[in-house]
1. Looking at the stretch 207-222 only, could you name the residues that are under 16 Å from Leu139 (Cα atoms) and open to solvent by 70 Å² or more (accessible area, probe 1.4 Å)?
2. Assess whether Pro338 counts as being more than 26 Å from Leu221 (Cα to Cα) and not aliphatic (A, V, I, L, M).
3. List every residue pair whose Cβ atoms sit under 6 Å apart, with the two residues 6 or more apart in sequence or on different chains, where the first one lies in the stretch 350-370 and is surrounded by fewer than 16 Cβ atoms within 10 Å (Cβ to Cβ) and the second, anywhere, is modelled with pLDDT of 70 or more and among the polar types (S, T, N, Q).
4. Of all residues in the stretch 120-149 being surrounded by 21 or more Cβ atoms within 10 Å (Cβ to Cβ) and of a type in the set (Gly, Ala, Ser), which is modelled with the lowest pLDDT?
5. Run down Ala142, Ala174, Ala211 and say which single residue is over 26 Å from Gly72 (Cβ atoms) and not assigned by the TED database to the domain that holds Arg357.
6. Scan Ala182, Ala209, Ala191 and give me the residue that is more than 26 Å from Gly124 (Cβ to Cβ) and at pLDDT 90 or above.
7. When you go through (1) among the hydrophobic types (A, V, I, L, M, F, W, C); (2) under 30 Å from Arg367 (Cβ atoms); (3) open to solvent by 70 Å² or more (accessible area, probe 1.4 Å) one by one for Val177, which number turns out not to apply?
Amino acid sequence: MTVEGEKSTKPAGPARRGVVGRLSWGLADQAASSLSNFVVGIYVARSLGLTAFGVFSLAWVTYGVVLNVSRGLATDPLVVRFSGVPESSWRGAVARSSGTALLVGTGIGTVSLVAGLSIGGQVGAAFAALGVVLPGLLLQDAWRYSFFAAGIGRKAFVNDVVWAVALAPAMVVAAYVGSVTAFLLAWGGSAAVAAVYGCFQSRVRPRPAGAREWHRDHRDLGYRYLVENVGVSGAGQIRAYGLGAIVGVGAVGVIRGAELLLGPFLAVLMGLSLVTVAESARVLRQAPERLGKFCFLLGGGQTVAALLWGAALLLVPDRLGEIVLGDVWSGASELIVPVTLSVAGAGLGTGAAAGLRALAAARRSLRCQL
């Protein structure tokens, strides 16, 4: 590993192959992760109807916000400051970072559980189930980022494969029960299996007691990344809650259905995002003059790919769309153009965001995202 302050002596060819290899592991890992999420979403959309899919989508959007809280406080500072460092430094940081993620999941999960039991009904049951599985979900995500910070993305890929394998029998049980709650428990419970396996992979035990120290040492980044992440994901949550209150949860399902159509491309986008900050940090340490070009190629490439994928979706016949999404297709297909433009815009910003994260310019990054 190259330590900050040192200059790399590796030839350009092998270094470039190393970047490509790490990016490839990021794509492979996200493919494995997205597959489990995609399967659950498609099954709920097809089998339980539009309303149940809307309830599932409300829980899903809420999980996205909580995930971004965990990343802002725990894993984003880890990737910025502990990518490509000696293993001893990495292990200590990972113990505190993963412990912070576990603490966030337990705290917010408890609130979600109590709120769900108080609300009652199908929506309340879904949020109660989400509260139960949040600790495992956030810890599993923390391992992924820890492995990519160390440049060992293959371990993150294996961890997500374990999640997918554990999900298969859990899905069978959930299908027998036939409720949104059952699928949420199956999805999150299998993530907990992968989270436990991550402890054996890393040979690091999460230290929730180190969360205060982690927060103190990295609060200059953590606070701003927290606001930045929640500001972006919170917009989606407000939209989902607003649609559910004004139009009905079925409308939330239509929006989520349109996003599922972008699923394969979003898997690529999210897979790259796992490694872009770490790779930008490595570029900054080894060849600072290349950082601008690296970030431009990242953002521009993702934007073009999103537009091409959206154009291809417009050519999908209704019969094929109904096979994939069932009744959700008719409404979701009308949103292909705006959702594609939204994803293309997000892709354009990822390159610049990765560069700002690598520079640890949290103040600039926060203003940009807001």
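1. We begin by selecting, within the stretch 207-222, every residue under 16 Å from Leu139 (Cα atoms); these are 207-211, 214.
Arg207, Ala209, listed by residue number.
2. Details: more than 26 Å from Leu221 (Cα to Cα): yes; not aliphatic (A, V, I, L, M): yes.
In short, yes.
3. Qualifying pairs under 6 Å: none.
4. Quick first cut of the stretch 120-149, residues surrounded by 21 or more Cβ atoms within 10 Å (Cβ to Cβ) only: 126-131, 133-149.
Subset that is of a type in the set (Gly, Ala, Ser): 126, 128-129, 131, 136, 142, 146, 149.
Values: Ala126: 92, Ala128: 95, Ala129: 95, Gly131: 96, Gly136: 96, Ala142: 95, Ser146: 92, Ala149: 85.
So the residue we want is Ala149.
5. Numbers: Ala142 fails: over 26 Å from Gly72 (Cβ atoms); Ala211 fails: over 26 Å from Gly72 (Cβ atoms).
So the residue among Ala142, Ala174, Ala211 that is over 26 Å from Gly72 (Cβ atoms) and not assigned by the TED database to the domain that holds Arg357 is Ala174.
6. Values: Ala182 fails: more than 26 Å from Gly124 (Cβ to Cβ); Ala191 fails: more than 26 Å from Gly124 (Cβ to Cβ).
From the options Ala182, Ala209, Ala191, the qualifying one is Ala209.
7. (2)
Yes/no matrix, rows are residues, columns are (1) at pLDDT below 75; (2) open to solvent by less than 10 Å² (accessible area, probe 1.4 Å); (3) under 23 Å from Gly109 (Cβ atoms):
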| residue | (1), (2), (3) |
| --- | --- |
| Ser33 | yes, yes, yes |
| Ile42 | yes, no, no |
| Ser70 | no, yes, yes |
| Arg81 | no, no, no |
| Ala93 | no, yes, no |
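The values are calculated or read from the model by the stated rules, or taken from the named source; none is laboratory data. None of these values were measured; they are calculated from a predicted model. Methodologically, a virtual Cβ is constructed for each residue, glycine included, from the backbone with ideal geometry; neighbour enumeration extends over all protein chains shown. Note: accessible area is taken over every heavy atom of the protein model, side chains too, but ligands, DNA and RNA are not part of it. Shrake-Rupley method; radii C 1.70, N 1.55, O 1.52, S 1.80 Å.
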